[in-house]
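The values are calculated or read from the model by the stated rules, or taken from the named source; none is laboratory data. Model, not experiment: these values are computed from the prediction. Positions of Cβ are generated from backbone atoms using ideal geometry, with glycine treated the same way; all protein chains shown enter the neighbour counts.
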Amino acid sequence: MKKESIAQADLTRSVISVPPLALNADFSLNEAENRRLIEWMHAGGVTTYLYGGNANLYNYGAADFPALLDMLERICPEDGWMIPSVGADYGKALDQLRLLRDRDFPTAMVLPLTFPSTSQGLATGLRRLADAYGRQLIAYIKTEDFLAPKDLAALFADGVLCSVKYAVVREQPSHDPYLAALVDAAGSDRIVSGIGERPVIDHVQGFGLTGFTSGSVCLAPRLSTAILHALRDGEVEKAAQLREMFLPLEDLRDAHSPIRVLHAAVRLGGVADTGPMMPFLSELDDPAVLDRIAAAATALRQADQSPAGAALPV
């Protein structure tokens, strides 16, 4: 497992997967199924695993956090980078980071608390959390003006943050004044596109963002990795063609909840049994929606394992 401090190259060496968390019926960790998912992605060239929003760690208890960390250490491949998340509120994040201090994880992501918070308050909180942790953190921007550009620039300059996951959804990702202002103030080399395959071409080509996170990579690690490689090589048309295969599942995620659809898709696509969702979220139960998810997930996984997909370099 990666233990060294974070360099810019770490943000681009793999698609940053954001997997769901597989649970048993009693909400305990299902280590076998979580390992199965990691091994599936690793075989497809994915070596970075960020457990955060799709894992519903918003609702994961601080007292249970050591057991989660133990499992993540055990299931991480030798060449893998495992990133746990903390928060979203300041007190819970502080408690969790105190537990992380004696572990080998080189960083953690702070989940976004949109209320009650202010940009100045978040900047102060992130500084205090990094001081308590003794390491740099990853911030997660999910809403407009969550952090003011000047505050983000100062956090980078002072060594508080090693990266930012940018996930503000836009109807037209190419038109994003807030992202443009963040890039102007703080640069683009440590800001990661954080909304999967749909906006990644605009984010990388138009704003210069570094790498991207993905949930659907859980179904198609080779194809998602091929998008990353195509963008590295400037093959935008190839990246766009590959992206088309992800859109049916991404459309369902946008329509019915990104977290809940992915949780179901990994199971219905035959990758791993994700089990129940941690409260306060619930599983999708509309048979028609589940049928569409199963069809999209299966098609995406089959495309990944088709002769063309299997021939892709990982």
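Of all residues in region 145-180, those that are under 17 Å from residue 199 (Cβ atoms) and either touching a His at 6+ places or on another chain (Cβ under 6 Å) or among the aliphatic types (A, V, I, L, M) (or both) total 6. For region 217-256, the set of residues classified as of a type in the set (S, T, N, Q) and either within 15 Å of the chain's Cα centre (by Cα) or surrounded by 15 or more Cβ atoms within 10 Å (Cβ to Cβ) (or both) consists of 224, 225, listed by residue number. Scanning region 43-73 for residues that are farther than 21 Å from residue 93 by Cα and either of a type in the set (A, V, I, L, M) or in contact (Cβ under 8 Å) with a residue 60 or more places away in the chain (or both) yields 43, 44, 45, 46.
Restricting attention to region 120-147, the residues that are more than 15 Å from residue 108 (Cβ to Cβ), buried (at least 20 other Cβ atoms within 10 Å of the Cβ) and β-branched (Val, Ile, Thr) total 1. Inside region 259-285, can you point out the residues that are among the β-branched types (Val, Ile, Thr), more than 14 Å from residue 298 (Cα to Cα) and buried (at least 21 other Cβ atoms within 10 Å of the Cβ)? Once the filter is applied, which keeps residues that are among the β-branched types (Val, Ile, Thr), more than 14 Å from residue 298 (Cα to Cα) and buried (at least 21 other Cβ atoms within 10 Å of the Cβ), region 259-285 yields only 274. Residues in region 234-258 that are at positive phi and either in a helix (DSSP H, G or I) or polar (S, T, N, Q) (or both): 257 alone. When residue 150 is tested against (1) surrounded by fewer than 18 Cβ atoms within 10 Å (Cβ to Cβ); (2) without any contact (Cβ under 8 Å) to a residue 60 or more places away in the chain; (3) part of a loop (DSSP other than H, G, I, E, B); (4) not β-branched (Val, Ile, Thr), just one condition goes unmet, and that condition is (3). Taking the stated definitions as given, is residue 114 farther than 21 Å from residue 168 by Cβ and in contact with a Lys or Arg (Cβ under 8 Å, 6 or more places away or on another chain)? No. Taking the criterion of being among the β-branched types (Val, Ile, Thr) and touching a Pro at 6+ places or on another chain (Cβ under 9 Å), the residues of region 160-204 that qualify are 169, 183, 195, 200, 201. Restricted to region 43-66, and to residues that are over 26 Å from residue 257 (Cβ atoms) and more than 18 Å from the chain's Cα centre (by Cα), which residue is surrounded by the fewest Cβ atoms within 10 Å (Cβ to Cβ)? The qualifying residue surrounded by the fewest Cβ atoms within 10 Å (Cβ to Cβ) is 63. Against the test of being in a loop (DSSP other than H, G, I, E, B), under 25 Å from residue 228 (Cα atoms) and β-branched (Val, Ile, Thr), the options 261, 314, 266 yield a single qualifying residue, 314.
For region 117-169, a residue qualifies if it is modelled with pLDDT under 95 and among the basic types (Lys, Arg), but none of them does.
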